[in-house]
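Below is one structure, written out as structure tokens, with a few remarks after it.
The values are calculated or read from the model by the stated rules, or taken from the named source; none is laboratory data. Computed from a predicted structure; not experimentally measured. Note that each Cβ is placed from the backbone with ideal geometry, even for glycine, and that neighbours are counted across all protein chains shown. Surface areas here come from the heavy atoms of the whole protein model, side chains and all, with no ligands, DNA or RNA. Shrake-Rupley method; radii C 1.70, N 1.55, O 1.52, S 1.80 Å.
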Amino acid sequence: MKNIILIHGYNGIPKIYTWLEENLTKKGFNVVIPNLPPREGAIYNDWKNIISRYNDFFNEETIIIGHSIGNGCLIKYLAEYNIKVNLYIGLAGFDKYFEHDGRDDLNRAVKEFIANDEEIEKFKFLTNYRYDIYSNDDHIVPFEILKNYPLDINAKEIFIKGIGHMGKKSGLEEIPEVIDIIEKYN
């Protein structure tokens with residue numbers, strides 16, 4: 001049974017993760033969604049300690065999916081522990097700093113979870129296949145940063161118009177494109 005590990009972003013587990021878990025489990029995958037502390041609790045060292053409890057689920061056939069800062073968390077984590085996986089799918093991923101006025105804690109988390117160039121290079125070596133999904137109307141990450149992220153991590157980009165940041169505010173409840181990607185490598 002192949003493992004799929006989903007790492008959420010700053011605001012916690014999005015609805016699309018519940019939908020992915022249900023649909024991927026039906027297809028025979030073992031889906032793991034660590035419940036990481038959101039918002040003020042989004043601290044990389046705390047998240048990595050929780051994720052390390054799931055190290056037995058990481059192997060060269062594992063599929064990993066990150067949402068928002070969960071992408072940077074996965075890149076940093078794989079690079080730090082030298083973990084090789086088969087497939088990575090990023091949702092609203094970024095690797096450059098940006099700020100939101102009046103959102104100091106979000107700004108701190110954005111800065112803390114951005115992977116550096118060395119971690120990104122190692123991540124590219126540790127992942128066989130990389131995809132990134134982003135949209136034109138993301139209310140969190142600036143479009144230019146979203147657009148450049150797949151280039152920076154050498155991922156196949158998938159642009160889907162009108163799905164926002166793919167979290168709670170966007171109202172997105174399913175994302176069949178993720179399952180289509182996974183089925184290519186199953």
Completion exercise
Conditions (1) touching a residue at least 60 places away in the same chain (Cβ under 8 Å); (2) surrounded by fewer than 22 Cβ atoms within 10 Å (Cβ to Cβ) -> ASP180 fails only (1)
Fill in the blank from the handout: When segment 116-133 is checked residue by residue, the ones that are open to solvent by 70 Å² or more (accessible area, probe 1.4 Å) and among the charged types (D, E, K, R) are ASP117, GLU118, GLU121, LYS122
Practice task
Kindly establish whether GLU157 is farther than 19 Å from ILE89 by Cβ and open to solvent by 30 Å² or more (accessible area, probe 1.4 Å).
Solution key: no
Fill in the blank from the handout: In the set ASP180, ASP101, the lone residue that is at pLDDT below 95 and among the acidic types (Asp, Glu) is ASP101
Practice task
Filter segment 69-115 for residues that are crowded, with 23+ Cβ neighbours inside 10 Å and either among the basic types (Lys, Arg) or in contact with a Pro (Cβ under 9 Å, 6 or more places away or on another chain) (or both) and give the result.
Solution key: GLY90, LEU91, GLY93, PHE94
Practice task
Filter segment 134-154 down to the residues that are more than 22 Å from ASP104 (Cα to Cα) and aliphatic (A, V, I, L, M), then identify the one that is surrounded by the most Cβ atoms within 10 Å (Cβ to Cβ).
Solution key: ILE153
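Let's see how each residue does on (1) more than 26 Å from LYS2 (Cα to Cα); (2) modelled with pLDDT of 95 or more; (3) under 16 Å from the mean Cα position of the chain (by Cα):
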{"residue": "PHE113", "(1), (2), (3)": "yes, yes, yes"}
{"residue": "GLU121", "(1), (2), (3)": "no, yes, no"}
{"residue": "ASN154", "(1), (2), (3)": "no, yes, yes"}
{"residue": "ILE158", "(1), (2), (3)": "no, yes, yes"}
{"residue": "GLY167", "(1), (2), (3)": "no, no, yes"}
{"residue": "SER170", "(1), (2), (3)": "yes, no, no"}
Exercise for the section: Starting from segment 127-140, keep only residues that are farther than 24 Å from ILE4 by Cβ, then list their pairs with residues that are aromatic (Phe, Trp, Tyr) and open to solvent by 70 Å² or more (accessible area, probe 1.4 Å) whose Cβ atoms are within a distance under 7 Å, requiring at least 6 positions of separation or different chains. Expected result: ASN136/PHE143
